[in-house]
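Data first, discussion second: the structure below is written as structure tokens.
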Amino acid sequence: MPEVSLVGVSKSFDSIIAVEDFTLKIEDGEYVTFLGPSGCGKTTVLKMVAGLHEPDRGEIWIGKNPARGIPPEDRNVGYVFQNILLFPHMDVLGNVTYGPRVKDWPPQKTTELAHEILALAGLSARSKSLPKELSGGMQQKAAVSRALISGASLLLLDEPLAALDAKVRAELRNELKRIVKELGLTAIHVTHDQEEALAISDKIVVMKKGRIVEVGTPEEVYLNPKNIFTANFIGEANFLEGKAVSGGDKWEIEIARGLKIATCNEVPAGDRLVIAVRPEHIVIDKGQRKERNVFDGKIEDVRFLGGLVRFEIKIENNLLLAVKAPFASFEKFPQIDDQMTISFDPSRVLVYKYPERGMASELALE
Ligand code: ATP
């Protein structure tokens, strides 16, 4: 099974820089997602790995071999698109065996293999169905089966779930991961859905404007993002600006006159900083008052999100903080204008240098 390396890869289309200096190593057997806003270059990287575009600069290696000049059909990759491209007049078995038939594989071996793959994809019972007789999720499973039959050991998935409704999407993403792991494949999965990326990835590559912002496991990019962009793009974060103030081994950031936030990160006094706190890491106080990062406030907005409730709470200096708490944690449901005490642990306070180009540019998606 292949590892994939991209070294200094760039690609432009006339004046549009789609991918810039992209360097990444994907280990053999890894399930990697490219996550980023629309137009950040995810598909272009995937197409370069597939051989549908050649890089302008840089090199791609699939296994031990440089990929430049090797046509897509000889790269041993399977490609699954967002739009499910099945032949409408062929049944599932016909679609899955189409490639091998064109390549004159022995018919019996091809059919046996197709049945094995369809069993793995949970589609055995539908091998005689036409695409129009299948649900969207089943159609995409047929497309994945078709990509796998050629023996591809690298699976490229371009927004494979985007056309499906939410429930099918959640089921199929687990199925995809299971198939990839059972067959020991390497997978690159492009998505702009952060929940999807968190749920299935061994490693997430966060992208913006053709470049890699950071790479990490789902836990790393969610709990300890290295960049403000990632903290904002994955999940939600309250951002506050301030200055580090000294205090021995206590590190605090003053976000307004006299209003200090404690952090576990060492911050040099005087530095201009941005802190981020996730709404779900802020606790609504139930009488067990802590010493640090405790604020009284008033509820300005309440949104019921299902399992969670999202509040906007105004604390001193008119600072508005988003807070998310499990619905089940309330005996009496809080209302707008209720007074609340909120707190968060200093270990939950993420600290960043104030970005040179300003916050708006740092958070911009394009
Ligand atoms: P999305 O999530 O919307 O699919 P993406 O992150 O996959 O976006 P790409 O499709 O890789 O982004 O596009 C990156 C940039 O390159 C965009 O500005 C896009 O318009 C441009 N681009 C991509 N393919 C071409 C092409 N064949 N010709 C011209 N410009 C292109």
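Figures for the structure shown
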read-out	value
Rel. contact order, % - alpha carbon contacts under 8 angstrom, at least six apart, segment 226-304	29 percent
Value in Å of the Kirkwood radius, where segment 1-159 supplies the Cα pairs that are averaged	16.9 Å
Quarter of the Cα convex hull surface for the chain, i.e. its orientation-mean projected area (nm²)	22.5 nm²
Size of electric dipole in the chain: Cβ of Lys, Arg +1 and of Asp, Glu -1, about Cα centre, debye, nearest 20	340 debye
Within the accessible area of segment 111-223 (1.4 Å probe), percent carbon and sulfur	52 percent
Exposure of F327 as accessible area (Å², to 10), given a probe of 1.4 Å and all protein chains	90 Å²
Unsatisfied cross-links (Cα-Cα over 27 Å) in the set K25/K208; K42/K132; K109/K181; K11/K353; K260/K314; K47/K209	K42/K132; K11/K353
Size of electric dipole in segment 60-110: Cβ of Lys, Arg +1 and of Asp, Glu -1, about Cα centre, debye, nearest 20	220 debye
Cβ crowding within 10 Å averaged over residues, with 18-26, 236-244, 305-313, 186-194 ranked highest first	186-194, 18-26, 236-244, 305-313
For segment 36-105: rounded, prolate or oblate by the Cα gyration tensor [a/c cutoff 1.5]	oblate
Which of P37, G69, L123, positive extreme of dipole for segment 1-155 (C-beta unit charges)	L123
Relative contact order (%) - criterion: Cα under 8 Å, at least six apart; region: segment 35-194	30 percent
Sulfur and carbon atoms: percent of accessible area, segment 252-366 [1.4 Å]	47 percent
Where the chain is the region considered: accessible area per residue in Å², 1.4 Å probe	49 Å²
Residue-averaged [θ]222 nm for the chain, counting only DSSP H segments that reach four residues, each worth -39500 (n - 2.57)	-6500 deg cm²/dmol
Among beta bridges that DSSP assigns inside the chain, antiparallel share in %, nearest 5	75 percent
Normalised convex hull volume, segment 208-366, alpha-carbon set, Å³ per residue	136 Å³
Fraction of the pair-distance distribution of segment 75-115 above 14 Å, Cα-Cα pairs, percent	54 percent
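The values are calculated or read from the model by the stated rules, or taken from the named source; none is laboratory data. Since this is a predicted model, take the numbers as computed values, not measurements. So basically every Cβ, Gly included, is an ideal-geometry build from the backbone, and we count neighbours across all protein chains shown. Side chains included, ligands, DNA and RNA excluded: accessible areas come from the protein's heavy atoms. Shrake-Rupley method; radii C 1.70, N 1.55, O 1.52, S 1.80 Å.
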